[in-house]
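Encoded as structure tokens, the structure appears first; notes follow it.
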Amino acid sequence: MPKSEAPKTQPKRPQSEAPPDTQKPAILFDLDGTLMDSAYEHVSAWQQALHENGVQIVSARIHRCVGMSGRLMLQTVFREIDRPISAARAERLEKIHKKRFAEKLSSIRMLPGARELLVHLSRERIPWAIATGGDNDTVMKMIKPLRVPSGVPVITADHVERAKPDPDVFLEAAQRLGVPLKDCIVVGDSVWDLLGARRAKALGVGVLSGGYGEAELIQAGAYRVYKNPAELLERIAEIGV
């Protein structure tokens, strides 16, 4: 009687390799017009400052520059009206703007969903920071309603050499978080935010709450555009978070 054959040994399957440790994306937020409804207060404060110095510039033109540093904005609008501006005059106008804007702080409100969005990110352990062109003193007063946790970086114009559209505030924020800027998502309301993101090779996401249109935000580099922080929170999976 023939011996029964020994069962064939099945070849060992190679153990599946552990998935690579992927870097969570970090989110870098602009402030004015992105988290706080303050874009038009800036326009009004600049117009008051200019008017007090005998300069008439339409509000719409000032609005197109909100998001730049004050100095760059002044150079831009004065160039357009073909008038020179000295460093001393620019500094004087910036001081007046800061004073007039400070008078409006009590009327500035958070944009819909802003605090809820930040709370959600913190709960999900998604690193985030604020990166804005405002001065540090004003910004720290503005963000009180957002209840920014200690340890979350808040980068202002006082921390960097160059303001938007240079990406310096975003670079500094990413460095503080310990995340490469290429792994960050920049959320902003102006073309200057998105141009800064593009120059730094970060993903740009636009919000319409600062007054810029969807088409121009996309043209400046926005991957997605949302109405406000509330809609971004509702559809946050679309940006890979």
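The values are calculated or read from the model by the stated rules, or taken from the named source; none is laboratory data. Since the structure is predicted, the reported quantities are computational estimates derived from the model, not experimental observations. Note that each Cβ is placed from the backbone with ideal geometry, even for glycine, and that neighbours are counted across all protein chains shown. Surface accessibility is based on the protein's heavy atoms, side chains included, excluding ligands, DNA and RNA. Shrake-Rupley method; radii C 1.70, N 1.55, O 1.52, S 1.80 Å.
Open to solvent by 40 Å² or more (accessible area, probe 1.4 Å), touching a residue at least 12 places away in the same chain (Cβ under 8 Å) and at positive phi: does that describe Lys227? Taking the combined requirement at face value, the residue does not satisfy it.
Only a single item in (1) open to solvent by 10 Å² or more (accessible area, probe 1.4 Å); (2) of a type in the set (A, V, I, L, M); (3) in a helix (DSSP H, G or I); (4) free of Cβ contacts under 8 Å to residues at least 60 places away in the same chain is not met by Leu217, and it is number (1). When region 119-144 is filtered for residues that are without any contact (Cβ under 8 Å) to a residue 60 or more places away in the chain and over 13 Å from Ala26 (Cβ atoms), the ones remaining, listed by number, are Val119, Arg123, Asp135, Asn136, Asp137, Thr138, Met140, Lys141, Lys144.
Let's see how each residue does on (1) in contact (Cβ under 8 Å) with a residue 40 or more places away in the chain; (2) over 20 Å from Met36 (Cβ atoms):
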residue	(1), (2)
Val187	yes, no
Arg199	no, yes
Gly204	no, no
Val207	yes, no
Arg235	no, yes
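Checked against (1) among the hydroxyl-bearing types (Ser, Thr, Tyr); (2) modelled with pLDDT under 95; (3) under 15 Å from the mean Cα position of the chain (by Cα), Ser209 passes all but a single condition, namely (2). Residues satisfying the criterion are present in region 68-75 (criterion: closer than 19 Å to Phe170 by Cα and in contact with a Ser or Thr (Cβ under 9 Å, 6 or more places away or on another chain)). Residues in region 192-214 that are part of a helix (DSSP H, G or I) and either basic (Lys, Arg) or open to solvent by less than 20 Å² (accessible area, probe 1.4 Å) (or both): Asp193, Leu194, Gly196, Ala197, Arg198, Arg199, Gly210.
Within this structure, Glu52 passes the test of being at pLDDT 90 or above and more than 21 Å from Val186 (Cα to Cα). Within region 142-186, the set of residues being closer than 26 Å to Lys104 by Cα, open to solvent by 40 Å² or more (accessible area, probe 1.4 Å) and part of a helix (DSSP H, G or I) comprises Lys144, Pro145, Asp158, His159.
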